[in-house]
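Notes to accompany the following structure.
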Amino acid sequence: MSEPREQAEHIVSPWIYAAVYLALLAGVAATIAASRMNLGILNPILALSIAFAQAALVTVYSMHLKWSTKLNKLSVGACAFIYCFLIAMVLLDYTSRAWGQW
Amino acid sequence: MQDSAVVAQGARNAAAMADHAHGGHPTYLLHHFNSVEQQADASSFAMWLFLLTEVMFFGGMFVVYLIYRNWYYPAFVAGSRQLNVALGGINSALLITSSFTMTLAVWNARMRRKGGMILCLVLTFALGAVFLGVKGAEYKEKFEKHHVPGEHYSLQSFLNPDSDPAAAGTRPLPLDEARHTELFFSLYFAMTGMHALHMIIGMGLMAYILFRARGGAYTAGHTAFVEYFGMYWHFVDIVWIFLFPLLYLINRH
């Protein structure tokens, strides 16, 4: 479906952009509404989940990654993986130290 | 441009080099590429790589935020409460709308509609300017309340919340916790400031694109520069999508 040649020629329908736009606005409203509810530990998790969903919509549709080359898709995937990996490593160090015990 | 390298690419390009005309291929195809497709693949890959370094750049600040937020949670809650959710939400909507008009500008460029493209770019520029105006009003309020980190930072709103309408009714923080609100505002200004700087750079580029677009530079089949600028603008939008809940919406229930 995603031949490298496609990006140069593919013209995305404005209706897709409009749908993404409405979904993003709904995401902002949902984020604010969710912050008003007391969900405990789930509050930041839900807020970030909505943000990641919004970011994915922008990346895939507005930035045309869906119609981009496999090399570009792989690069974005690798970036996401490495960034998560780096955060995990930092947090591992952070949580496993004997804070205040030296 | 090394002539020898071009000649080596084959007879077709060599023939084009003879009179240094762009015979048989579009003028925007640079001589060191074999085809328009190859040029598009290479340049879009370069743009993605640039944006991925930007992810790492902002990502570093998000990690600092994550750790300090866990460490000094009460101070971050009190600091976050000083931010105006309505203004932050309006700014989110403004930036998302400007992203939408940017996608339409790219679509118009690809459809070779000069007027529509310029209109969409002007709208994108204007929405970005209003965003920065709202951000400026928010910054001004922080300066007035001495919530800008530094020599004149004031703990008043956090030690004595009832003296500040924005903090009224909340629990006063002990001095050591209150002092860490300065850390929250340091991150607030660093992250939103760096985001605003990206927008200002983006608006400069947009002015350049608008200037060239009037002559039809992007509506004659070669839209790469507008598309890559659009990607940059969407990236700035994504950063704000994360900044808004993380800075404005800590423990708001």
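The values are calculated or read from the model by the stated rules, or taken from the named source; none is laboratory data. The structure displayed is predicted, hence computed values, not measured ones. We place every Cβ from the backbone using ideal geometry, glycine too, and count neighbours over all the protein chains shown. The area values use the complete protein model at the heavy-atom level, side chains included, leaving out ligands, DNA and RNA. Shrake-Rupley method; radii C 1.70, N 1.55, O 1.52, S 1.80 Å.
Values for this structure:
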{"item": "Where A:Ile11, B:Ile200 fall by accessible area, highest first, once all protein chains stay in place (1.4 Å)", "result": "B:Ile200, A:Ile11"}
{"item": "Volume in Å³ per residue [convex hull over Cα atoms, computed for the stretch A:1-92]", "result": "101"}
{"item": "Residues losing 20 Å² or more accessible surface upon assembly, the stretch B:235-253, compared with the chain by itself, 1.4 Å", "result": "B:Ile238, B:Ile241, B:Phe242, B:Phe244, B:Pro245, B:Leu246, B:Leu249, B:Arg252, B:His253"}
{"item": "Accessible surface, chain B, averaged per residue in Å² (probe 1.4 Å)", "result": "44"}
{"item": "Percent accessible area from carbon and sulfur atoms, the protein assembly as shown, protein chains only, probe 1.4 Å", "result": "68"}
{"item": "Selected from A:Gly27, A:Gly77, A:Gly40 as most flexible by GNM, with chain A as the system and alpha-carbon contacts under 10 Å", "result": "A:Gly40"}
{"item": "Rounded to 10°, Cα long-axis angle of helix A:14-36 versus longest principal axis of chain A", "result": "20"}
{"item": "At least 20 Å along the helix axis (C-alpha) and Kyte average at least -1.0, DSSP helices within chain B", "result": "B:36-71, B:85-110, B:114-144, B:181-213, B:224-243"}
{"item": "Cα long-axis angle, helix A:42-57 against chain A (0 to 90 degrees, to the nearest 10)", "result": "20"}
{"item": "Helix-derived mean residue ellipticity, 222 nm - over chain B, DSSP H n ≥ 4, -39500 (n - 2.57), to 500", "result": "-24000 deg cm²/dmol"}
{"item": "Accessible area of A:Lys73 in the full protein assembly, 1.4 Å probe (Å², nearest 10)", "result": "60"}
{"item": "Sites B:Ala137 and B:Arg212, calculated FRET efficiency, Cβ-Cβ separation with R0 35 Å, nearest 0.05", "result": "0.60"}
{"item": "Value of Rg to Rh for chain B (Rh from inverse mean 1/r over Cα pairs, i.e. Kirkwood)", "result": "1.14"}
{"item": "Estimated FRET transfer efficiency when R0 is 22 angstrom, pair A:Met89-A:Ile45 (beta carbons, to 0.05)", "result": "0.60"}
{"item": "Probe 1.4 Å, all protein chains present, accessible-area order of B:Leu159, A:Leu22, largest first", "result": "A:Leu22, B:Leu159"}
{"item": "Rounded FRET efficiency, nearest 0.05, which uses the C-beta distance separating B:Leu30 from B:Ala93 and R0 of 35 Å", "result": "0.30"}
{"item": "For B:Met102, solvent-accessible area (1.4 Å; no DNA, RNA or ligand), Å²", "result": "0"}
{"item": "Interface residues in the stretch A:60-81 - accessible area drops by 50 Å² or more relative to the isolated chain, probe 1.4 Å", "result": "A:Met63, A:Asn72, A:Cys79"}
{"item": "Loss of accessible area when A meets B, both sides summed, Å² nearest 100, probe 1.4 Å", "result": "4100"}
{"item": "Given 16 as the ceiling on other Cβ atoms within 10 Å, longest exposed-site-free region of chain B for chymotrypsin sites (Phe, Trp or Tyr not before Pro) in DSSP loops", "result": "B:29-152"}
